[in-house]
Every structure is written in structure tokens, then in C-alpha cells.
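Read through the structure below, which is laid out as C-alpha cells, and then see the notes.
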Amino acid sequence: MNILVTGGAGFIGSALCRHLAADPHHRVVNVDKLTYAGNLASLHAVANRPNYRFVRADIADKPILHDLMREEKITRIIHLAAESHVDRSIDGPSAFMETNVLGTFQLLEAALAHWRGLSGPDAAGFRFHHVSTDEVFGDLPFDTSLFTEDTPYAPSSPYSASKAASDHLVRAWHHTYGLPVTLSNCSNNYGPFHFPEKLIPLTILNALDEMPLPVYGKGDNVRDWLFVDDHVRALALVVEKGDTGRSYNIGGNAERTNLAVVETICEILDRKAPRRGGAPYRDLITFVADRPGHDRRYAMDASRLERELGWRPQESFETGLARTVDWYLENQWWWEPIRAGTYAGERLGQMASAR
Ligand code: NAD
């Protein structure tokens, strides 16, 4: 398969490129604009492989994308490029609309033109897979209810609204123009190479730097956590075997409050990298003003993916989190330049009242 991955220098996209390029039968073309979250250092394991190519481009640049699809004889597109941080979408929504909504529109137009130029098995086997989030479904109460693929969309933040818009565009290009698409909506990911503004890497690295560990509100918001490589395996499966026009929920069946996540990281670090003086890391936990419009709970019913395509997560939250902490302890070379440069460990998303 000749696969175009968008956003392949980001957290999930780089894990996907590493996974796909490990198979010499695939050709992987990674298109990424390299915004603040894109990092080619995450791709050092595949950068020199003959079946991997990186192209720096904006998904909104339809002519470049269309030419590239033709040149590389692309038969699969896996679309991850996005602005992805809810807090940044509160402070500055424009980039989210430009990339997530208008960028997806231009990419769909390029893909449609390319697909229409294909024939035979290439045309029949062509897929555009859109990677989306559980956040499009909105807010669940603190009970046992789950999001299914049929849950109505009710996005709360500029980020989730932009992702919901892009999901609608992808479905519309399928229904109106026949573009063969699949979609997936996944819960919160964590793992290696995660940009250190997100809760789990932020907590690990702030703790190691003896900085406050900021927790929104009372820390009782619940997210369903999935190790990134489990997400990547799900994506590869949906792209290979998913039914056209169908969407698949992906989740870790690992609901935790934000406070429980932070406390668990503190306990792991107490064992693996104790503080000088012996005080527990949890003493660094600091409750800060809640994120505006903060959804209470997300939880996914991933039974369609399990039943129809045979997917199961391989990591439990405990094993995946321990692996993640180990990775940050061992890979300072990756995160230190980011902490020293663009991002120093503060929480974003506090600017809404000033807008
Ligand atoms: P990320 O922010 O780490 O990476 C996004 C990548 O997209 C970056 O490399 C960035 O440079 C690139 N990009 C941004 N704008 C671009 C543009 N206009 N053209 C080309 N490239 C551009 O994000 P992530 O966490 O890896 O998420 C990837 C996708 O998965 C997103 O679509 C996100 O909505 C979705 N998702 C993420 C999670 C999660 O927990 N991280 C969960 C569910 C779904």
C-alpha cells in the first residue's frame, strides 16, 4: 500500500508512521506542516528507511497535496493533521478553524480529484481515513453511560467543534461525491513522544523539575485513556478492513479522574526517581482554576471495533503509564529542547475571560 499520512510528525502520527514503515510492503509518505507540535525527532527510527518520505506542506495547499498523491500513487490517506490542544483552542481558535476545518476541506478536495483519476483496483481499494476524537460527542454525566457511534454530536470547545465540523465534511464527501471514507473517534491517548503540554507528560516533567503539578478544578473530570500504540493498531486495522462510510469508536476502557492520573504518576515516580529529601511527589499537586467549558466525563464504547474487526488494547492503563514514565526518564534528548524552547510547563487555556 502507498499510504499518505497527514500530521505524521505529531504524537499519534509519528507512532503511526513508525508502525507502518516497519512493514517493507508499505510506502509511507508523511505530510506535515511542522507547527509547534510537529517534531521530526520523533521519526528518527524511520527517517532513513527507503519506504518512508517526509514532505513539509500544509494540508490546505490542495495543488501540492494533489500532485503528491499522483506522484506517489497513493491508495490510502490517513488524516491526522490538526491543531489538537483544547487549551490552545480556547486561547486562540483561528488556527483550529484554518487547519481542522478548512484544511480538511482542501485535503478532501485533493483526495477526491486524485481518486477520480484512479482506475481498476487502485480506485476500488482507495480509502480516506479520518482520525477524530471522542470530544465531538460532548459531555457525559458521572455515571456508567458510554459514547457509541450513534451518539449525537454536541461539541463543547473550539477544538471539539472544529473536529466535529471536519467529521461532517468527511461524511458529506462520502455521501455526496462517493469518496470512500472511514472515520474513527478515539479517547485520550498517552505514551512516548507526547508533546509536554498535555496532562501526562506535563505532570511527569514538571515533577522531575520540582515544579507545581497543576490540576484543573477539583481534578474530578474523567477521561478514558488509551496507550498510543493501541490506537495506531486500531487505525491500521480500520484502514485495512473497515467498511466504507462507517465510523469506529476507539477507547481504552480505562476511565480515570485527572487527579487519579496525576497521583498515579506521582506514585510511579516516587519508586523510580525519588525526590531529593524523600518527600512524595504528590506534595507538588496544585489545584488551579478550571478550564472554561470543561466537559465532565468522556467514555467510549469500542465494541463495534472489537466485534467487527477483532481489535483489543494490549496495554492496561497501569502498564502503559509505567512504560510512558520510563520513556520520559530515558529520553531527555527528546523533551529537553522542547521544555527549554517553546514550552516551559505552564497550563494554557486560562485566557477565555480576557477574550
Ligand atoms: P499533535 O498536535 O501531536 O500533532 C498534530 C500534527 O499536525 C503536528 O505534527 C502538526 O505539525 C501537524 N499539523 C498541524 N497543522 C497542520 C497543517 N495545516 N498541515 C499539515 N500538518 C499540520 O496531535 P496528536 O495528538 O498526534 O493528534 C493527531 C490527531 O488525532 C488529531 O487529528 C487529533 O484530533 C486526533 N486525536 C488525538 C487524540 C489525543 O489524545 N491526542 C485523541 C483522539 C483523536
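Can you find a residue in the range 73-84 that is open to solvent by 40 Å² or more (accessible area, probe 1.4 Å), hydroxyl-bearing (Ser, Thr, Tyr) and either in contact with a helix residue (DSSP H, G or I) (Cβ under 8 Å, 6 or more places away or on another chain) or within 12 Å of Leu4 (Cα to Cα) (or both)? Scanning the range 73-84, I find at least one residue that is open to solvent by 40 Å² or more (accessible area, probe 1.4 Å), hydroxyl-bearing (Ser, Thr, Tyr) and either in contact with a helix residue (DSSP H, G or I) (Cβ under 8 Å, 6 or more places away or on another chain) or within 12 Å of Leu4 (Cα to Cα) (or both), so the answer is yes. Being surrounded by fewer than 17 Cβ atoms within 10 Å (Cβ to Cβ), within 13 Å of the ligand (Cβ to nearest atom) and among the hydroxyl-bearing types (Ser, Thr, Tyr) is a property that holds for Ser94.
Per the listing Ile77, Ile64, the residue uniquely closer than 16 Å to Ala110 by Cα and in contact (Cβ under 8 Å) with a residue 40 or more places away in the chain is Ile77. Only one of the listed residues (His174, His168) is open to solvent by 20 Å² or more (accessible area, probe 1.4 Å) and without any contact (Cβ under 8 Å) to a residue 24 or more places away in the chain. That residue is His168.
Across the range 252-295, the number of residues qualifying as more than 23 Å from Ser184 (Cβ to Cβ), modelled with pLDDT under 95 and charged (D, E, K, R) comes to 3.
Set side by side, the residues Pro155, Pro141 differ, and just one is open to solvent by 20 Å² or more (accessible area, probe 1.4 Å) and free of Cβ contacts under 8 Å to residues at least 24 places away in the same chain, which is Pro155. Out of Pro192, Pro201, one residue alone is open to solvent by 10 Å² or more (accessible area, probe 1.4 Å) and modelled with pLDDT of 95 or more. It is Pro192. Pairs meeting the criteria (first residue in the range 21-43 and open to solvent by less than 50 Å² (accessible area, probe 1.4 Å), second residue among the acidic types (Asp, Glu), beta carbons under 7 Å, at least 6 apart or on different chains) are Val29/Glu72; Gly38/Asp32. Residue count for the range 114-134 under the criterion of being open to solvent by 40 Å² or more (accessible area, probe 1.4 Å), farther than 21 Å from Ile250 by Cα and either in a helix (DSSP H, G or I) or among the charged types (D, E, K, R) (or both): the result is 6.
Just to be sure, is Glu109 away from the ligand (no atom under 15 Å from the Cβ) and either at pLDDT below 95 or open to solvent by 20 Å² or more (accessible area, probe 1.4 Å) (or both)? No: the conditions fail for Glu109.
Screening the candidates Ile3, Ile90 for the property of being in contact with a Phe, Trp or Tyr (Cβ under 9 Å, 6 or more places away or on another chain) and of a type in the set (A, V, I, L, M, F, W, C) yields one hit, Ile90. Residue count for the range 36-61 satisfying the condition of being within 15 Å of the ligand (Cβ to nearest atom), of a type in the set (Phe, Trp, Tyr) and touching a Leu at 6+ places or on another chain (Cβ under 9 Å): 1. Flag set for Leu102, criterion: open to solvent by 20 Å² or more (accessible area, probe 1.4 Å), within 14 Å of the ligand (Cβ to nearest atom) and either within 21 Å of the chain's Cα centre (by Cα) or not charged (D, E, K, R) (or both).
The values are calculated or read from the model by the stated rules, or taken from the named source; none is laboratory data. What you see is a predicted model; the values in this text were computed from it and never measured. Note that each Cβ is placed from the backbone with ideal geometry, even for glycine, and that neighbours are counted across all protein chains shown. Accessible surface is based on the protein model in full, side chains and every heavy atom, while ligands, DNA and RNA are left aside. Shrake-Rupley method; radii C 1.70, N 1.55, O 1.52, S 1.80 Å.
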